[in-house]
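As structure tokens, the structure follows; a few thoughts come after it.
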Amino acid sequence: MNPKLIEVALPLATINAEAAREKSIRHGHPSTLHLWWARRPLAAARAVIWSSLVDDPSAEGYRDPYGNLLPTVEAQEVERQRLHGILERLVKWENSNDPEVLAEARAEIDRCFPDGPPPMLDPFAGGGAIPLEAQRLGLTTFAGDLNPVAVLINKAMIEIPSRFAGLRPVHPDVDRSLTTWERAQGLAADVGAYGRWMRDEAERRIGHLYPNATGSSGEKLTPIAWIWARTVKSPDPSWSGHVPLVASWTLSKRKGKPTIWIEPVIDRDSMTISYEIRMGGNPSVGRTVSRANGTCIATGAAIPGARIDREAADGRMGAVPMAVVAQGPAGRLYLPIAAEDAAAFARSSLEREMVDESSLPHGRTRGTFGGNAQGRYYGFFEFADYFSDRQLVALTTFSALLQQISLMVEGDAVAAGVADDGVRLRDGGRGAPAYADAIVTYLAFVIDKCADYWSTISTWSNSGEFVRGTFARQAIPMTWDFVEVNPFSASTGSWKSMTGWVVKAIEQLAASGTDGKAVQMDARARMRESPEAALSTDPPYYDNISYADLSDFFYVWLRKT
């Protein structure tokens with residue numbers, strides 16, 4: 001075999017710089033399609049694949065694009081620098097779908113493989129960077145993984161977009177005046193359109209649970225989120241009520257602007273605590289929980305971590321709303337809890353009782369899932385325990401709409417001229433039923449992103465004034481003051497925001513038209529078979545697989561929807 005470029009020399013400085021730069025690229029990056037750990041930089045994957053296929057100029061019989069042999073080391077180095085120039089252009093994020101740059105890169109592959117490049121198999125596909133970049137370079141791509149979430153991510157990146165590449169959108173409200181719809185742009189437009197319908201329909205059903213906030217002048221404002229604190233009963237017998245466990249009282253702390261914070265107001269006569277919003281200065285009290293140990297804000301009594309865990313496990317941990325974050329004319333506004341909010345919380349509890357329990361994902365949390373390093377559970381024994389009543393109502397409402405969306409998409413697709421062949425996506429279909437399955441898959445991803453941000457583990461970033469999701473780090477930590485998002489705002493954590501992330505990611509997928517296939521498989525067992533048998537069909541799902549925390553959290557929603 002001829003020596004390949006990767007074996008001799010690469011422009012590592014450029015590749016490293018572009019790989020590092022990807023960390024700051026959010027909108028449109030495939031990593032925003034669905035959460036996955038250990039994402040590999042696309043620039044590095046693209047560089048490795050291309051340079052593994054392209055011959056180094058030192059190869060015997062190598063000829064430059066003009067057909068000239070390269071007998072000297074100097075001539076070979078000049079040609080090598082030309083190849084490096086192609087690679088340096090190829091790894092730039094802005095050139096990911098540039099037709100001229102991709103054509104230039106594929107031409108070099110074709111020169112080394114006149115009969116066509118080899119297929120690419122990644123049996124440990126994970127987040128899908130290698131299969132995606134192989135497909136971008138024109139290779140037939142196969143991806144495998146044991147984890148069903150990884151498999152579905154890869155299907156959404158390399159299999160579905162290539163199957164419907166160039167298809168015009170079918171939703172009747174999408175402007176279809178464009179003469180060409182490149183890659184998966186039509187698919188992305190439909191995901192956005194049907195996502196908007198889901199938002200409007202969900203708001204019609206449960207919008208009353210999210211009342212508008214009232215500004216200082218009586219104006220109605222759209223709430224972005226509600227800030228809550230978990231509570232436990234004080235161990236001090238002189239205080240009979242619950243007390244808040246708060247890690248930070250600060251709501252906004254931005255450079256050049258006054259700090260906005262919550263002040264707890266203690267009424268010792270009624271033994272109640274209310275919360276006011278203050279501007280300027282610093283919080284008047286310190287955090288009331290640290291390293292899982294609490295302090296009674298009313299009396300100063302210590303609340304040991306073991307007691308907090310026991311109270312939660314016995315169902316005696318509560319939660320209290322402390323503030324509303326609303327969208328004002330010139331930015332975020334922070335307001336106290338109003339009577340309308342309290343009424344909405346009460347209605348949410350009633351509607352939560354009407355949720356069909358069989359429609360909720362079930363399963364005991366295992367090991368340290370949801371607990372801290374000491375193995376505490378804090379009352380999180382079922383997946384539903386991670387969500388407030390209102391969050392559960394919202395998630396089940398959006399999930400239930402997917403069935404209706406499937407019928408709508410299929411009907412619209414047939415009306416738009418897509419073949420009604422009766423073949424589902426999982427069976428290799430390319431007609432209306434398969435297209436409906438594709439749209440539902442991406443909208444299920446949106447629900448997954450919402451499940452990440454609509455849990456009681458989500459927190460408020462006071463420095464950036466945005467919502468941090470459940471998986472702000474690679475674990476599910478215990479959070480004491482948490483944020484509850486308004487699904488129907490247009491701001492951080494909302495349904496509109498989550499749909500936008502998915503739509504932008506679909507728009508940037510390769511969808512090159514070359515085949516891609518993702519299957520669930522045990523790499524060791526399946527590779528003992530012939531490659532054709534290993535990749536021909538999807539194996540069944542295995543109920544006895546012990547999945548990682550991330551898969552547990554999302555797979556329950558994927559399985560349900």
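The values are calculated or read from the model by the stated rules, or taken from the named source; none is laboratory data. Because the structure is predicted, anything quoted here is derived from the model rather than measured. As a convention, Cβ positions derive from the backbone with ideal geometry for all residues, glycine included, and neighbour counts pool all protein chains shown. Note: areas computed on protein heavy atoms with side chains; ligands, DNA, RNA excluded. Shrake-Rupley method; radii C 1.70, N 1.55, O 1.52, S 1.80 Å.
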Taking the Cα centre of the chain as the origin and placing charges on Cβ (Lys, Arg +1; Asp, Glu -1), which of Ala17, Leu146, Ser52 is farthest toward the positive end of the dipole? Ala17
Go through Gly128, Gly280, Ile476 and say which Cα lies farthest out towards the positive end of the charge dipole of the chain; charges sit on Cβ, +1 for Lys and Arg, -1 for Asp and Glu. Gly280
Inter-part gap, Cα centre of region 79-131 to Cα centre of region 242-305, in whole angstrom, is 55
Charge tally for neighbours of Val232 with beta carbon under 11 Å away, counting Lys, Arg as +1 and Asp, Glu as -1, is +2
Cα-Cα P(r), region 83-238, percent of pairs per 10 Å interval: 8, 21, 24, 19, 13, 9, 4, 1, 0
Solvent-accessible area per residue for region 24-107 (1.4 angstrom probe, square angstrom): 48
Just the ratio, please: alpha-carbon radius of gyration of region 155-224 over 2.2 N^0.38 Å, N its number of residues. 1.64
Compute the relative contact order of region 1-157 as a whole-number percentage, counting only Cα pairs closer than 8 Å that sit 6 or more residues apart in sequence. 25
Across bins of 5 angstrom width beginning at 0, how are the C-alpha pair distances of region 1-93 distributed, in whole percent? 2, 13, 22, 19, 14, 11, 8, 6, 4, 1, 0
Dipole in debye (nearest 20) - region 1-147, about Cα centre, beta carbon charges: Lys, Arg +1; Asp, Glu -1: 600
Could you work out how far helix 432-453 tilts from the main Cα principal axis of the chain, as a 0 to 90 degree angle to the nearest 10? 50
Kirkwood hydrodynamic radius (Cα pairs, Å) of region 412-533? 17.8
Can you show me the helix-derived [θ] at 222 nm for the chain, built from DSSP H runs with n ≥ 4 at -39,500 (n - 2.57) apiece and divided by the number of residues, rounded to the nearest 500. -11500 deg cm²/dmol
Check: the chain dipole with +1 on Lys, Arg Cβ and -1 on Asp, Glu Cβ, in debye: 1540
On the first, second and third principal axes, largest extent first, how far apart are the outermost C-alpha atoms of region 37-149 in Å? 51, 28, 23
Compactness of the chain, expressed as Rg and Dmax over alpha-carbon positions, Å: 27.1, 95
Expressed in Å to one decimal, the Kirkwood Rh of region 232-362 from all distinct alpha-carbon pairs is 17.0
